[in-house]
């Protein structure tokens, strides 16, 4: 009887764990990245404020670090006419069930505390050993509008 209960507990824990795809994604993302460009699904000039923090122009050229063993990270902005400095966040990656992965990012302070307890749902739309893309879909005039954050490994 004890063996059956132990087996059920082990199976339950294993089934709740992250999938192999998510674990591989976290392993690939580990380390330092440069947010090279931010592009949009529609042509034109847009005044976008990302992550309720700064303009897209301030985010371009920012350095990001992902630490998957504790799901934390930082990004540092240093552009002209931008509020410079390091910001902290926690993140998680989840299988969306449709072949894609959701990337959840929640800004925090240095002690991993969130002032608002709000986060941002992005899509991990592309990931290789040297590049990856996070994509956020928002509605503009009732139509989907995609913001693409394009990273390269440092």
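Where a number appears in this text, it was derived from the coordinates with a stated rule and is not lab data. Nothing here was measured: the structure is a model prediction, and the numbers come from that model. Quick reminder, even Gly has a Cβ in these numbers, built from the backbone with ideal geometry, and neighbours come from all protein chains shown.
Residue separation of residue 117 and residue 32 scaled by 0.36 nm, minus their Cα-Cα distance, works out to 28.1 nm of gained length. In this simple spin-label model, placing a label point 7 Å from the Cα along the Cα-to-Cβ direction at both residue 24 and residue 84 gives a separation of 4.0 nm.
Rounded if a/c is under 1.5, else prolate if a/b is larger than b/c, else oblate: which is segment 18-153, with a ≥ b ≥ c the root eigenvalues of its Cα gyration tensor? Since a/c stays below 1.5, the shape of segment 18-153 is classed as rounded.
Normalised by the residues of the chain, what does the relative contact order come to in percent, with Cα pairs under 8 Å and at least six apart?
On the way: 279 pairs, mean separation 33.7, N = 154.
Relative contact order of the chain: 22 percent.
As a proxy for reagent exposure, ranking 115, 60 by other Cβ atoms within 10 Å from fewest up yields 115, 60.
FRET efficiency for residue 72 and residue 47, Cβ-Cβ distance as r, R0 = 35 Å, nearest 0.05?
Working: r = 30 Å, r/R0 = 0.86.
Efficiency, from the Cβ-Cβ distance: 0.70.
Exposure proxy for 42, 80: other Cβ atoms within 10 Å of each Cβ, ordered fewest to most, give 80, 42.
By other beta-carbon atoms within 10 Å, ranking 43, 128, 92 with the fewest at the front produces 43, 128, 92. Entry note, the chain: the mean residue ellipticity at 222 nm calculated from DSSP H runs of n ≥ 4, each adding -39500 (n - 2.57), is -5500 deg cm²/dmol after division by the residues and rounding to the nearest 500.
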